[in-house]
Structures are given as C-alpha cells and as structure tokens.
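First the structure, in the form of structure tokens, and then the observations on it.
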Amino acid sequence: MNLSNLLKDPIDIPLLLIYVIGVLIMVYSAMQFVHGFLYKQKPYIRSGVKTFIIAVILLAPRLIYQHIRIDGSDYKKAVKASVKAVSSVYDSVGTADSANIKAQLEALSERLSDSGYSVSLASSVENENEGNFTVRTFSAVKAASSDADRADIILISTALDSDGTEEGFTDDAAEISVIEAVAKKLEKTELDTELRFLVFTDGRNGQDGAYSYLHSLTEDERNRITGNISFDLLGLSDYTGFETVTVNGRENPLSGIINSSVKRMTGQKLSIIQEKDSELVSFHINEIPGVLLKQAYVEKASAAKSVDMLNQDEIADAAAIIGDAVIRELKSRESETIKALKTDDREAFTSGSFRKDKDSFSCGSSLKDISENFGTVLTETGLTDASGNKLYEGRLYLLTFDSPVPVLFHVNDSGLQIVAADTGAVPASKDELTRILKNLFGDPIAEADVLSWTDEKTGAVYHIAASESDYTVSSMTSGGYSFYITA
C-alpha cells in the first residue's frame, strides 16, 4: 500500500496492527524451533508449532485483504514500464508536437496488441469555423468473456493535448500510462462487460474526438454503451489528490463507484464538481452517463519538467481507482451499477444544468455549442414560437431543484434567444418560485406584469410571467404561469 495513504484506510489500520503482532509471533516461533532442534527439547518444538499456527492465523487477514483489494502498488510496476516506454518514444522522436503524439499512439497500439487487445488507430481532418484540425482516436477493446455481441460496453477514455514542450507533454504521458496500466492489469480478468479504452487528440479536450468516435459506431454498438469513465491528469511531480466531475454536477452510479474507490484508495471523501469542458460532455449529450476523475489542482504543486519526474504513485493510484471500479462494480452485467445505468433514471443522469454561479447563458450560435454549454441533447420539435424561433426540447437541472425540468430552447440564426421551462414540471408554485428567485437574486424588476431577476455573474435574466406570455408556448405553461430565461 502507498505509505502516504496508509493511515487513511480504516480497514487496513487494525489489520496492519494484527499483522505486526503476527510477524513478531512468527519470529518467536522460529526461535522456539531453533532452540528445540539445537537442544533436542520437544516442548520447545511443540511451542514453536503452536505459535506458528497462531502467527499464520494473525497474518492471514491482512494478506487476504491486500489480495482482494486494489491498490496503487499493484499498478506501480505497469506504470513504471509504461512511463519508460513513453519516454523512450519521446527520446527517439525528439519532439512533443503532433508527430510525437502520433508516434506515442502507434507505439501504444503495438504494446496493447501484444497483450491481446483488439486495437485500432484512426485519424481524420475536420473543418469547423473555417479552420481545419486533425482528430486522432485510439481504441483498444477487451471483449466480454461471454455473449460478446450483446454485452454492455463501458468506455474508459482520456484526451491528449500537448503544447509542444516536454513539460507540456508530461500530462499526456501520465494519461497514456494510466490507460496502459489498467489495460495490462485487466487483460486476463474475466468480464461480462466489454471494455473500450479510448484516447482522443483534437485540440479541444477530446470533445471532437468523442463525437467522431460515436459517429463511427454502428447503432447496435451505441445502444450497448452503458457509461463512460474519463480521467485527466495534470503532469505534476507532486501528489495532489483527486477530484470527481460530472457534466450536470449530479452524482450518478459511475461517479458513486469512483468516489468509493477513491475513498478506499486514498481516504479522500469527494463531492461532485460540475464541468463541461472534456470528452465527457460529448458522451453526456449523446445520452451516455459518465464521470471524470481529475488530478486535483494545487497552486503550489510542482509541474514535472520531464517524463521521468512524474509522480508515479499518483498515476498508479489513478489506474488503481479505475481498475477497482471495474473489478468491484462493473465485472458482471448483473452488477447493481450496470443495472442502475440502464434504468429510467438514465435520463436524469444525462440531463443538463443551468445553475446560479455555475453556468453561463452566453454560448455560440450553433446547436452543438448550445448543447455543450447546457449539457443536454437538443431534440428538434418542428415547431416555432411567435417570433419565428425554432424550438428544441431538452432537460435541465434549474436553480436549486433536485430533479430535471423539461425545457424548450428558442433558437434563430443569431443563436439562443430563450430557454422556457415547463412550469407544470417545476417543483414549485408561482409564489414559491418567486420567493426562491428573491432569495437568490434580490428584489425583481416589475414591468408589464413580468417579474425579472438578473444574475450578473452568468449573464442570465430570469422571468416569471402570465401563462399567455408571448415568449412561451402553451405546452410550457401547464403550471398556470410561464418561466423563462434570456440573455
């Protein structure tokens, strides 16, 4: 076990104390044997046998516990080997730009192919905002041990984004090592669930790579994807701990098991952070729930200036956390986590959010920009509002509500104009919602029977109006009033 985390494991501490006592008794037993055989005194030999049995009984619990649990030390050898291989490729290529990333992914493909994985490496040139960029996708597949064509699929993904220096490449090196260490550790593990290890490089934190990858799959494959575990390391030489992230800031079954694994591994008790700037959001708005495991940022932490200066203990722990989640909770398609991800709650897990101090109303003009900004899939309705804006359906966690609310996005060529909530689904009456908004933003501005509150930090204006408001449609006013948000 990693010594820096030793005293954080509430189970291992008493087992370790018992283990130490067992070691001391084992030493005493050996002394009894030696004395008995040297001086041919059977009582000492019998005492040695008895104390040996007692010592074995005391040693057994911790040895068994260390065997059945997953720990960073179990992954350290694989991490060291991977870091060495990554460093060797870097030294031979002599650059940390796209040529190095290409060489690294090709080398990783070869190493995991040798371990029995079905590996593919694809690249494409995409065009967006009048600019071209290259998307590379690495995929290594571990097929399910039975009924492989119908098994659930769990994605384990990361994104590479080097800045052209070895220091900038160190986080990529750490992420390659996590992928490789987990894959090597699990290569002989029998799983009912199919695992797909993915690495994206696209200059946009893997978001375009994730879209490209999903587009390349058959409909059957997409339907079998149960969830996604992403990770992001910072390339530090210091051990800074972890954070867990979901797109809507809400816990889901995958974030729950990752947090549980983090606590077992390091003693950290983590809460969920909201973030929409990784490949996680691309999967999320394609209705694939997921979690992002991040290396925590600490202002005074030192960046590794070269690959061999990376903190390998934390890389190993990150690999162990993911491996623990797979082995302990995702090994069987009958696992509670897998079953929970496939229930009707999946819609709640993949709903978007618009929260005070966390989200901004301002976003780009494209539907993809709007969808990523709010973290929800936009479904075309074929309808328009009174101003000719096209209407798209979505679901958002709003304000302080604990359940997602159906909303309509009003969009024209200039971009998003209005987000209107279904007041019949808002868990508050008009008066209760008015009090909530007053508590959050102060007194409203009243104009023509419309109450408005401005959130200066997010650039959003919340409005409560009568049910016949020009800014909403009748399907959104079943609560007897209209509630909408504008820029």
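All of the numbers you see were taken from the coordinates with simple rules; none came from a lab. Owing to the predicted nature of the structure, the values given are computational and were not obtained by experimental measurement. As a convention, Cβ positions derive from the backbone with ideal geometry for all residues, glycine included, and neighbour counts pool all protein chains shown.
Cβ under 9 Å from Trp453's Cβ, Trp453 left aside: what net charge do those residues give with Lys, Arg +1 and Asp, Glu -1?
-1
Put +1 on the Cβ of each Lys and Arg and -1 on the Cβ of each Asp and Glu in the stretch 351-486; which of Tyr481, Ser362, Ser403 then has its Cα farthest toward the positive end of the dipole?
Looking along the dipole axis, the top candidate is Ser403.
Based on the mean of other Cβ atoms within 10 Å per residue, sort peptides 268-281, 438-451 so the most packed one is first.
On the way: 268-281: 19.1, 438-451: 11.9.
So the order, starting with the most tightly packed, is 268-281, 438-451.
Could you check what % of the DSSP bridge pairs in the stretch 72-347 are antiparallel, to the nearest 5?
Working: 23 of 44 bridges.
Taking every DSSP beta bridge within the stretch 72-347, about 50 percent pair in antiparallel fashion.
Go through (1) 1.53; (2) 0.96; (3) 1.18 and flag the label whose value is the computed Cα Rg over 2.2 N^0.38 Å for this structure.
Looking at Cα Rg over 2.2 N^0.38 Å for this model, the match is (3).
Multiply the residue gap between Lys300 and Lys102 by 0.36 nm, knock off their C-alpha separation, and tell me the result in nm, one decimal place. The partial results should precede the final answer.
Numbers: separation 198, 0.36 × 198 = 71.28 nm, distance 3.21 nm.
Computed gain between Lys300 and Lys102 is 68.1 nm.
If packing is taken as the average number of other Cβ atoms within 10 Å across a peptide's residues, how do 224-237, 423-436, 324-337 rank, most packed first?
224-237, 324-337, 423-436
Based on Cβ point charges of +1 for Lys and Arg and -1 for Asp and Glu, what charge dipole magnitude is obtained for the stretch 283-412 about its Cα centre, in debye rounded to the nearest 20?
Working: 15 positive and 21 negative charges, 22 e Å.
For the stretch 283-412, the charge dipole is close to 100 debye.
With a 10 Å Cβ neighbour count serving as the proxy for reagent exposure, in which order, fewest first, do Met476, Met26 appear?
Values: Met476 24, Met26 17.
Sorted ascending by nearby Cβ count, the order is Met26, Met476.
Using r as the Cβ-Cβ distance of Lys342 and Ser73, and R0 as 45 Å, what FRET efficiency do you calculate, to the nearest 0.05? Don't skip to the answer; put the middle values down first.
Numbers: r = 34 Å, r/R0 = 0.76.
About 0.85, to the nearest 0.05.
Kyte-Doolittle mean at least -1.0 and Cα extent at least 15 Å along the axis: which DSSP H helices of the chain qualify? Walk me through the numbers before you get to the answer.
Details: long enough: 12-39 (40 Å, 1.70); 42-68 (39 Å, 0.81); 72-93 (30 Å, -0.15); 98-114 (24 Å, -0.41); 166-186 (30 Å, 0.02); 253-266 (20 Å, 0.14); 312-325 (20 Å, 0.33); 430-441 (16 Å, -0.40).
Helices passing the filter in the chain: 12-39, 42-68, 72-93, 98-114, 166-186, 253-266, 312-325, 430-441.
Taking 8 Å as the Cα distance limit and 6 or more residues as the minimum spacing, I'd like the relative contact order of the chain as a percentage.
Working: 987 pairs, mean separation 57.8, N = 487.
RCO, the chain: 12 percent.
Charges at C-beta only: +1 for Lys and Arg, -1 for Asp and Glu. How large is the resulting dipole of the chain about its Cα centre, in Debye rounded to 20? Intermediate results must be reported in sequence, preceding the final value.
Values: 47 positive and 71 negative charges, 664 e Å.
For the chain, the charge dipole is close to 3180 debye.
Helix-only estimate, please: 222 nm mean residue ellipticity of the chain, summing -39500 (n - 2.57) across DSSP H runs of length 4 or more and dividing by its residues, to the nearest 500. Before the final figure, lay out the partial values.
Numbers: 14 runs with 195 residues, N = 487.
Theoretical 222 nm ellipticity from helices: -13000 deg cm²/dmol.
Could you tell me which of the pairs Lys80/Lys185; Lys188/Lys294; Lys294/Lys339 are separated by over 18 angstrom between their Cα atoms in the structure shown?
Numbers: Lys80/Lys185 13 Å; Lys188/Lys294 27 Å; Lys294/Lys339 26 Å.
Pairs exceeding the cut-off: Lys188/Lys294; Lys294/Lys339.
Counting only C-alpha contacts under 8 Å and six or more residues apart, can you give the relative contact order of the stretch 351-486 as a whole percent?
On the way: 289 pairs, mean separation 30.8, N = 136.
23 percent.
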